Amino acid sequence: MKTKLTLAAMAGAMLMLGGAPSQAHHAVQASVDVDKTVEVKAILTRIDWINPHTWMHFDVKDAAGKVQKIDVESLGIAALRRVGVDSKSALKVGDTYTIGYYPNRDGSPGGFMAKMVLPDGRTFDTKNTDPAATQ
């Protein structure tokens, strides 16, 4: 009798868990080319402090002086704190930054942040250097 109750409880738990929506973290490599890095000077125009990842929006001037708007996905808020962006005031809209990012595979402007150099020279390395990570 005890075995039947245990089996019934396990089957019920499996049914409940199987019906629950699952969420998986996407692989950055699916949307950007991690074998290439684009480095530009860019003016920060907006930051979306959202989870799971922040989005930073920049204006970049090309050689002819034409402005291109790019959107760069970055780390989540907690991960940004771990690399040194310890508050929302650490980054200022209107300031010029040197950014390195992995470009979008589809050719659209922007990509995923690899590093960021602040106007005062501090550098934030946002790429994952843990080879065991499955980002």
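Just a few scattered comments:
- A residue that is in contact with a Ser or Thr (Cβ under 7 Å, 6 or more places away or on another chain), exposed (fewer than 13 other Cβ atoms within 10 Å of the Cβ) and closer than 21 Å to Val28 by Cα occurs nowhere in the stretch 95-103.
- Taking (1) farther than 15 Å from Trp49 by Cα; (2) exposed (fewer than 15 other Cβ atoms within 10 Å of the Cβ) in turn, Val83 satisfies each apart from (2).
- Residue count, the stretch 75-91 (criterion: assigned to a loop (DSSP other than H, G, I, E, B) and not aliphatic (A, V, I, L, M)): 4
- Residue list for the stretch 32-81, restricted to those being acidic (Asp, Glu) and more than 16 Å from the chain's Cα centre (by Cα): Asp35, Glu39, Asp59, Asp62
- Meets criteria (part of a loop (DSSP other than H, G, I, E, B), buried (at least 19 other Cβ atoms within 10 Å of the Cβ) and either in contact with a strand residue (DSSP E or B) (Cβ under 8 Å, 6 or more places away or on another chain) or in contact (Cβ under 8 Å) with a residue 24 or more places away in the chain (or both)) for Val72: no
- Given (1) modelled with pLDDT of 75 or more; (2) of a type in the set (Ser, Thr, Tyr); (3) out of contact with any Pro (no Cβ under 8 Å at 6 or more places or on another chain); (4) farther than 13 Å from Thr126 by Cβ, number of the condition Thr96 does not satisfy: (3)
- In the set Gly121, Gly94, only one residue is closer than 16 Å to Ile43 by Cβ, of a type outside the set (Val, Ile, Thr) and not in a strand (DSSP E or B); that residue is Gly94.
The values are calculated or read from the model by the stated rules, or taken from the named source; none is laboratory data. As the structure is a prediction and not an experimental result, all values here were calculated from the model. FYI the Cβ positions are ideal-geometry reconstructions off the backbone, even for glycines, and counts take in every protein chain you see.
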